[in-house]
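As structure tokens, the structure follows; a few thoughts come after it.
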Amino acid sequence: MIGGSFSSAGDWSLEGFFGFGYRKFDLEARGGFIDNNAGTDVVLGISGRGRIFTHTPQFPLDGALTVGVGGLIGDNSGDGLFIPVGLSVGRRFELEGSDVSLVPYLHPFLGPAFTEGEDDFRGGLGLGVDIRVARNVDIRVAGGIGDVEGIAIGVSFGR
């Protein structure tokens, strides 16, 4: 899969990503730019996701363990590293007679953040929906609350 996203959390960022999946595991690399009041910096990251449970008649949701490593590099914001671990919970809903499907999800996360002069833990809740508009095209809309706030919209091709 390949794609891109635009996000805004006071600052704005533009990122591209490339990923692939194998059975119940996905791996993705991201890179891009974040612009803030001080200037523009580079963001780089890698993330993995592994399914840990699948919906059943007794429980209606799918779930995956997520882990990532993301870095901010530049003179404007100061360098930083964030290592979030989370649980993504959602379910795909197919629209009858259409290639369109929706995957609403919740994604709570927590992890250490290492920045110049300040190390701490950050956490939050991601809320979103992935909208499959064609066989190999998804539109992703998400928002976050907590230590990582903002909104994002993206598109991915492939899968």
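Note down all Cβ pairs under 7 Å where the first residue falls in segment 124-148 and is closer than 16 Å to G3 by Cβ, the second is of a type in the set (S, T, Y), and they're at least six residues apart or on different chains.
G128/Y105; R132/S101; D138/S156; R140/S5; R140/S156
Mind telling me which of the residues V100, V133, V43 ends up being crowded, with 16+ Cβ neighbours inside 10 Å, out of contact with any Pro (no Cβ under 9 Å at 6 or more places or on another chain) and β-branched (V, I, T)? Outline the logic, then answer.
Working: V100 fails: crowded, with 16+ Cβ neighbours inside 10 Å; V133 fails: crowded, with 16+ Cβ neighbours inside 10 Å.
Unique residue meeting the criteria: V43.
Check G70, G86, G50 and return the single one that is surrounded by fewer than 15 Cβ atoms within 10 Å (Cβ to Cβ), in contact with a Phe, Trp or Tyr (Cβ under 8 Å, 6 or more places away or on another chain) and outside any loop (DSSP other than H, G, I, E, B). Walk me through how you get there before you give the answer.
Working: G70 fails: surrounded by fewer than 15 Cβ atoms within 10 Å (Cβ to Cβ); G86 fails: surrounded by fewer than 15 Cβ atoms within 10 Å (Cβ to Cβ).
The conditions single out G50.
Of the residues that make up segment 13-21, is at least one modelled with pLDDT of 95 or more, within 22 Å of V129 (Cα to Cα), assigned to a strand (DSSP E or B) and among the polar types (S, T, N, Q)?
no
Is there any pair with a first residue in segment 102-119 that is within 11 Å of V89 (Cβ to Cβ) and without any contact (Cβ under 8 Å) to a residue 40 or more places away in the chain and a second that is buried (at least 17 other Cβ atoms within 10 Å of the Cβ) and hydroxyl-bearing (S, T, Y) whose Cβ atoms are under 6 Å apart and which are 6 or more apart or on different chains, and what are they?
That search, which allows pairs on different chains as well, returns Y105/S88.
Can you tell me how many residues in segment 27-49 are of a type in the set (S, T, N, Q) and closer than 16 Å to F82 by Cα?
1
Could you tell me how many of the residues in segment 89-135 are under 30 Å from D75 (Cα atoms) and either in a strand (DSSP E or B) or not acidic (D, E) (or both)?
17
Quick one: is L110 under 14 Å from V148 (Cα atoms) and modelled with pLDDT of 95 or more?
Here the answer is yes, as L110 does meet what is asked.
Determine whether G3 is touching a residue at least 40 places away in the same chain (Cβ under 8 Å) and surrounded by fewer than 13 Cβ atoms within 10 Å (Cβ to Cβ). Spell out the reasoning first.
Values: touching a residue at least 40 places away in the same chain (Cβ under 8 Å): yes; surrounded by fewer than 13 Cβ atoms within 10 Å (Cβ to Cβ): no.
Judged against the criteria, G3 is not a match.
Quick check: is even one residue across segment 18-36 among the polar types (S, T, N, Q) and either under 15 Å from the mean Cα position of the chain (by Cα) or loosely packed, with under 14 Cβ neighbours inside 10 Å (or both)?
no
So which residues in segment 73-83 are closer than 16 Å to S47 by Cα and outside any strand (DSSP E or B), if there are any at all?
I83
Right, I34: modelled with pLDDT of 95 or more, of a type in the set (A, V, I, L, M, F, W, C) and part of a strand (DSSP E or B) or not?
The answer is no for I34.
Quick one: R132 ticks every box in (1) touching a Phe, Trp or Tyr at 6+ places or on another chain (Cβ under 9 Å); (2) at pLDDT 95 or above; (3) not hydroxyl-bearing (S, T, Y) bar one, so which box is it?
Condition not satisfied by R132: (1).
Restricting to segment 109-119, and then to whatever is surrounded by fewer than 17 Cβ atoms within 10 Å (Cβ to Cβ) and not acidic (D, E), can you tell me which residue is nearest to G63 (Cα to Cα)?
Among them, the one singled out is L110.
The values are calculated or read from the model by the stated rules, or taken from the named source; none is laboratory data. All figures in this text were calculated on a predicted structure; none of them were measured in a lab. Note that each Cβ is placed from the backbone with ideal geometry, even for glycine, and that neighbours are counted across all protein chains shown.
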